[in-house]
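Report on the structure given below.
The values are calculated or read from the model by the stated rules, or taken from the named source; none is laboratory data. From a predicted model like this one, the values you see are computed outputs, not experimental measurements. Cβ coordinates were reconstructed from backbone atoms using ideal geometry, including for glycine residues, and neighbour counts include every protein chain displayed. Just so you know, the surface numbers come from the protein's heavy atoms only, side chains and all, with ligands and any DNA or RNA stripped out. Shrake-Rupley method; radii C 1.70, N 1.55, O 1.52, S 1.80 Å.
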Amino acid sequence: MTTPGIYAAKTPAGLSPPPLKPASFLKTIRASSENPFEIIPLEAYEQPFYLSKSPLGKVLMVNDPEGVRRVLLDNVANYPKNDLEIEFFSAMFGEGLLSAPFAKWRTHRRVMAPSFGIRTVESYAPAMVDATVAFARRWDAQPEFSEVDIAAEMNALTLKIICRTMFSSDAEELAACAHEALEFAQTSMDFGLLDILPLLGPWRIKRTVSAIRAHFSGMDTAIYRLINEREKIREEAPQDFLTRLIVAKDPDNGVGLNATEVRDEVITIFMAGHETTAVTMTWVWYLLSQHPAEEAKLHQELEAVLGGRDPTVEDLANLSYARMIIEEAMRLFPPAPGMSIRQARAADEVCGFKVMPGQQLLISPWILHRHRRLWDNPERFDPTRFTKEASEKRPRFSYLPFGGGPRVCIGATLALTEATLILAVLGQRFRLRLKEPQEIKLQTRITLRPKNGMVTILERRRTQTRS
Ligand code: HEM
């Protein structure tokens, strides 16, 4: 049986084939507040680069692995993140890793790296499984065929996991503020016609940035309380991310992080570390609900490897099909679809295009992952693209859910481990059917979400788990 392409299955609204021509002025403005990818013309998906000229400016979209490599790795110093992005991120995260100036970023990245290494991540696996099993019990307590908004549910679960793994607690006060602040930031980034007008535009953007900053500062009390409590119990403090951050020293000068720096990194990890994994899992459930053959293959793997027990870190190597489903879901629905706009400092050449100082460049996993030259039948859901052999043959910079180069996602191993364990725990117990009729609308702000959530129907699987 052939798997239907994603256009043939229940397709999210706005995910029709790319238009042949650039969009009109009004359409561009409208799309930029919801899903800017729906107006990117076919040419961008066929050529190594595409120069987009819109009322929002001229942006060079680099869609060729060698060109991406040049921007993100080989000549990375020439391509810092653009000013507007830094302004928004620093309103949310101060000078955390996502927005810190270069020197601070380099020191903090070194200080934080051990908390995200493979051994440390493996030590978080039991907490990830426990949190997911507790979550499954909550689902279990609901009547058969209950409706759940899977996007909201995955958000709640990943928030719990980030609290348990990074801060060894449920940190509920912080979790509640974090969720609210992130929602506010995502809805505030709703740019429209007024935002591109001279004078009025910059004023409106400044006002949005201040409002976001005010919302995020609401979290400070909760974070400082967490830090103070930890400092009081230094000797017996759990060896988690927060403790590591508090005691960390710069290897060059032996200086530790001050309270504001710890706060900024805590918020960054809180935010960057849960929403992205939540949207990944939302699209995983969506795709499985549309592709029963692949879902059945997953169930076979879960049965063969786990036979009803809960997974441990040792099982990860054998849950290869589960992992391939997650990787393919992140190809079709990259959680950070626009990743980042970089801004050239000096002249350069990328894929034969003469880049001038000040040029904005977009590296977009959404376009790269659907590029006609890089993927065979790109819209088709096919987890076998991610067998070990197929992945090894692919150019490194053609698949970028976690970015690339020195600013590659620090939490990639953690996210993949977490997503695989969630899929194994919940996939053994439940199937999720998409409620019909329902229009799934894509929304791209920072992450790629279903705009109005995603209502699914919980079905218990007959296989009984032995936990
Ligand atoms: C599926 C889940 C995730 C996806 C798709 C994802 C994606 C990304 C991407 C694309 C970047 C690079 C941004 C750029 O270059 O502009 C990034 C950076 C980052 N991510 Fe993730 N991320 C995920 C999970 C996580 C987790 C679990 C954490 C932490 C617990 C995390 C923390 C960070 C941080 C701190 C950075 C900034 C790194 C730096 O600039 O040095 N992410 N992420």
Roughly what would the spin-label model give for Q438 and S210, points 7 Å off Cα along C-beta, in nm? 4.0 nm
What nm distance separates the two modelled labels at T221 and E379, each placed 7 Å from Cα along Cα→Cβ? 5.1 nm
Just want to confirm a number: the relative contact order over the range 25-460, from Cα pairs under 8 angstrom separated by 6+ residues, in percent. 28 percent
Interchain or long-range residues, amide H under 5 Å from S54's placed H: V59
The rounded separation in angstrom of the Cα centers of the range 222-243 and the range 100-160 is 19 Å
Which length gain, in nm to one decimal place, applies between Q239 and E66 when the Cα-Cα distance is subtracted from 0.36 nm times their residue separation? 58.2 nm
A293 to V255: extension gain in nm, 0.36 nm per residue of separation minus the Cα-Cα distance? 8.2 nm
Quick check: from the Cα gyration tensor, does the range 25-460 come out rounded (a/c under 1.5), prolate or oblate? rounded
First compute the accessible area of the chain with a 1.4 Å probe, then give the percent of it belonging to carbon and sulfur atoms. 55 percent
Compute, for D149, the solvent-accessible surface of its heavy atoms (probe 1.4 Å) with the complete set of protein chains present, and express it in square angstrom to the nearest 10. 60 Å²
Taking the Cα centre of the chain as the origin, how large is its charge dipole in debye, to the nearest 20, when only Lys and Arg (+1) and Asp and Glu (-1) carry charge on their Cβ atoms? 880 debye
Out of all DSSP beta bridges with both ends in the range 25-460, state the antiparallel percent to the nearest 5. 90 percent
For the pair E183 and R460, the simple spin-label estimate (label points 7 Å beyond Cα toward Cβ) gives in nm 3.1 nm
Computed over the chain, protein heavy atoms only, probe 1.4 angstrom, the accessible area per residue in square angstrom equals 43 Å²
XL table K81/K206; K104/K232; K21/K58; K81/K160; K81/K354; Cα-Cα > 21 Å flagged, in table order, is K104/K232; K81/K160
